[in-house]
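> Handing you a structure now.
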Amino acid sequence: MGRLLILLLIVALVVWFVRRGTRRAEPQREAPAARTSEELVRCVQCGVLLPRAEARMAAGAIYCSDEHVRLGPAAGPNAGRRPH
C-alpha cells in the first residue's frame, strides 16, 4: 500500500512538472486591444468600415477600393451608409 502511494505521488509530480514546463514554452498571445487599436474609416461609396491603412483617398474622400474611387461618392440622403 505504501509503495502505491509513493508511486502515485511520483506520477503526480511528473505531470505537474510537465504541465508547468509546457506553459512556459507557449508563446505569449497578443492582447485583443492591440489588434483592434487601428482606426476604422468608412467608404463614402458603399459605407463599409475598413482600417485606415487599407483605405484609398481621393479628392479628400475615403474609399475601400479603386473601383469605388472611380465611381466617386454615392448620391442620395444616405450616401455612404449601409442599411441596418
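> Touching a Cys at 6+ places or on another chain (Cβ under 8 Å), at pLDDT 60 or above and in a strand (DSSP E or B) - does that describe any residue in region 58-71?
yes
> When both residues are 6+ apart or on different chains and their Cβ atoms are under 8 Å apart, which pairs have a first residue that lies in region 2-22 and is free of Cβ contacts under 8 Å to residues at least 60 places away in the same chain and aromatic (Phe, Trp, Tyr), and a second that is exposed (fewer than 10 other Cβ atoms within 10 Å of the Cβ) and in a helix (DSSP H, G or I)?
Close Cβ pairs (under 8 Å, with a partner that is exposed (fewer than 10 other Cβ atoms within 10 Å of the Cβ) and in a helix (DSSP H, G or I)) do not exist here.
> Moving on. Does any residue in region 35-55 that is over 20 Å from GLY72 (Cα atoms) come within less than 6 Å, Cβ to Cβ, of a residue that is assigned to a helix (DSSP H, G or I) and at pLDDT below 95 six or more places away or on a different chain, and which pairs are these?
GLU39/ARG52
> From the list ALA53, ALA74, ALA34, which residue is in a loop (DSSP other than H, G, I, E, B) and either modelled with pLDDT of 75 or more or not charged (D, E, K, R) (or both)?
ALA74 is the lone residue from the list that is in a loop (DSSP other than H, G, I, E, B) and either modelled with pLDDT of 75 or more or not charged (D, E, K, R) (or both).
The values are calculated or read from the model by the stated rules, or taken from the named source; none is laboratory data. None of the values given here were measured: they were computed from a predicted structure. Cβ coordinates were reconstructed from backbone atoms using ideal geometry, including for glycine residues, and neighbour counts include every protein chain displayed.
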